[in-house]
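Colleague: Supplied in structure tokens, the structure appears directly below.
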Amino acid sequence: MGYIGIHKKGELTLSELLKSIKERADFHRAGAIATFVGVVRGETLDGENVERMELQAYEEEANKVLGSICEELKKREGIVDVQIHHFVGEFSVGEDLVYVVVAGAHRENVFGVLREAVERYKSEAPVFKKEHVVDETGASESYWVSEREAQQKRRTE
């Protein structure tokens, strides 16, 4: 099983990840596992059709950030394990982009930590998405999602 952090597409499956968590020496303390699987959505917020998505990362920094998020959240009461695995490469609609898994003593322990882990990796990790879309006229274009979001934010301010 791989380390927490950035992986090339296909290096890890969710079932392999869950199996590795269950094999931990301290897994006997867990009574719940919560998972989040981020996938490529087939439509943008503007209604364009997504053909594919390309993900890149500043891997060294992303591995540090994801590792530190996991280490910090593992210290929460009732938490046994927290893992974030983000993929890079080229992806089709519906393919897995990220796995976030939280194991804890009770369901009450895991849901809030799972949500925090997802929100934090999205805002803190240097992972960059390039969407390749087709608009309503059939024209193809591609753009970095963070740049488009920044442009849209400036327009609304």
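Colleague: Are any residues in the stretch 24-37 part of a loop (DSSP other than H, G, I, E, B), among the charged types (D, E, K, R) and at pLDDT 95 or above, and if so, which ones?
Modeller: none
Colleague: Working carefully through the options ILE21, ILE6, find the one that is of a type in the set (Val, Ile, Thr), in contact (Cβ under 8 Å) with a residue 60 or more places away in the chain and within 25 Å of PHE111 (Cβ to Cβ).
Modeller: The unique qualifying residue is ILE21.
Colleague: Do we find a residue being closer than 24 Å to GLU51 by Cα and either surrounded by 20 or more Cβ atoms within 10 Å (Cβ to Cβ) or not basic (Lys, Arg) (or both) anywhere in the stretch 107-114?
Modeller: The answer is no; no qualifying residue exists.
Colleague: Could you tell me which residue of the stretch 63-106 is nearest to ARG24 (Cα to Cα), considering only residues that are assigned to a loop (DSSP other than H, G, I, E, B) and of a type in the set (Gly, Ala, Ser)?
Modeller: ALA105
Colleague: If GLU51 satisfies all but one of (1) modelled with pLDDT of 95 or more; (2) closer than 28 Å to THR137 by Cα; (3) outside any loop (DSSP other than H, G, I, E, B), what's the number of the condition it fails?
Modeller: All conditions pass for GLU51, except number (1).
Colleague: Filter the stretch 1-55 down to residues that are out of contact with any helix residue (DSSP H, G or I) (no Cβ under 6 Å at 6 or more places or on another chain) and of a type in the set (Phe, Trp, Tyr) and give me whichever is surrounded by the most Cβ atoms within 10 Å (Cβ to Cβ).
Modeller: Filtering first and then ranking leaves PHE27.
Colleague: Still on this structure: Among the residues in the stretch 70-90, are any within 30 Å of GLU141 (Cβ to Cβ), among the aliphatic types (A, V, I, L, M), buried (at least 18 other Cβ atoms within 10 Å of the Cβ) and touching a strand residue (DSSP E or B) at 6+ places or on another chain (Cβ under 7 Å)?
Modeller: Checking the stretch 70-90: at least one residue is within 30 Å of GLU141 (Cβ to Cβ), among the aliphatic types (A, V, I, L, M), buried (at least 18 other Cβ atoms within 10 Å of the Cβ) and touching a strand residue (DSSP E or B) at 6+ places or on another chain (Cβ under 7 Å).
The values are calculated or read from the model by the stated rules, or taken from the named source; none is laboratory data. Keep in mind the model is a prediction, meaning the values are calculated, not measured. Neighbour counts are summed over all protein chains in view; Cβ atoms, including those assigned to glycine, are modelled from backbone coordinates with ideal geometry.
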